[in-house]
Structure formats: structure tokens, C-alpha cells
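A.B. asks: Next up is a structure, given as C-alpha cells.
Just so it is clear, none of the values below were taken in a lab; they were calculated from the coordinates. None of these values were measured; they are calculated from a predicted model. Positions of Cβ are generated from backbone atoms using ideal geometry, with glycine treated the same way; all protein chains shown enter the neighbour counts.
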Amino acid sequence: MLDDVASVTLSTALTALAARQRVSAHNIANIETPNFRAGQLSFEDNLRQAVSAGEPAQAAVTITPSDAPVGINGNNVSLDTETLTDQKTALQFRLLSGAMSAKFELLNTVLKG
């Protein structure tokens, strides 16, 4: 019942957004670590392709090093960038979890008759 494309897509996206928040938190935690390179998580293009192929659960999540300029200590974490990433991710997560909740409410209504 919850293995339809929409549910799997929402679940996959929520999982990837949670991973993006973890990557960003890891970046922030290492903001003063010499020679630390920030990571960037992407999944949207892969999810779009996987949905087109009818297999949203197969969407790959990729973490790549940021190509942002490095500071004196060789670190390239930008608190501004990470803060914006966190805020955007939180809004996306809220939107998608709301969509998932609405889907569950609809199913609940249907099952109750």
C-alpha cells in the first residue's frame, strides 16, 4: 500500500534531506579543523531520473567535496553557506513531511470509510 511511486519518492527524498543535514552539521563541526574540506550532498537530479525510470528507491545520494576557496588553514567551510543549506533543507523537509502526513491522513480516511 505504501510502496507506490509517490510514497517511495517522498520517503527517499526525506532520507536524503536528513543525510544532507548530517553532512552540513559535520561541516560546521569541523569549521576550525585545518585542511578540512566541506562536503556537499546532492540527490535531486538522481531522484528525478529514478522517478522517471519508475524506481525512486534507486536514487543515489552523492557526497562530493566542496570546491569553495580555502582559508589560511586550508579549510573551506563557510558558516554562511552551511546556515543557508540548513535553512533550505529544513524547509524542504517540512514541506515533504507535510505531504507524507497528508497522504497518511487520506489513507486513514479511506480505510475508515
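A.B. asks: Counting other Cβ atoms within 10 Å, which chymotrypsin sites (Phe, Trp or Tyr not before Pro) in the range 28-113 have at most 10 and lie in a DSSP loop?
C.D. replies: Qualifying residues, ordered by number: none.
A.B. asks: Based on DSSP H runs of at least 4 residues, each adding -39500 (n - 2.57), what is the mean residue ellipticity at 222 nm of the chain after dividing by all its residues, to the nearest 500 deg cm²/dmol?
C.D. replies: It lands at -21000 deg cm²/dmol.
A.B. asks: Given a Förster distance of 30 Å, report the FRET efficiency between residue 81 and residue 48 from their Cβ-Cβ distance, rounded to the nearest 0.05.
C.D. replies: Efficiency computed from Cβ-Cβ geometry: 0.80.
A.B. asks: Something else about it: In debye, nearest 20, what is the charge dipole magnitude of the chain about its Cα centre with +1 on Lys and Arg Cβ and -1 on Asp and Glu Cβ, if you could check?
C.D. replies: 220
A.B. asks: In whole Å, what three semi-axes, largest first, describe the equivalent ellipsoid of the chain built from its Cα gyration tensor (square root of 5 times each eigenvalue)?
C.D. replies: Semi-axes, largest first: 35, 15, 8 Å.
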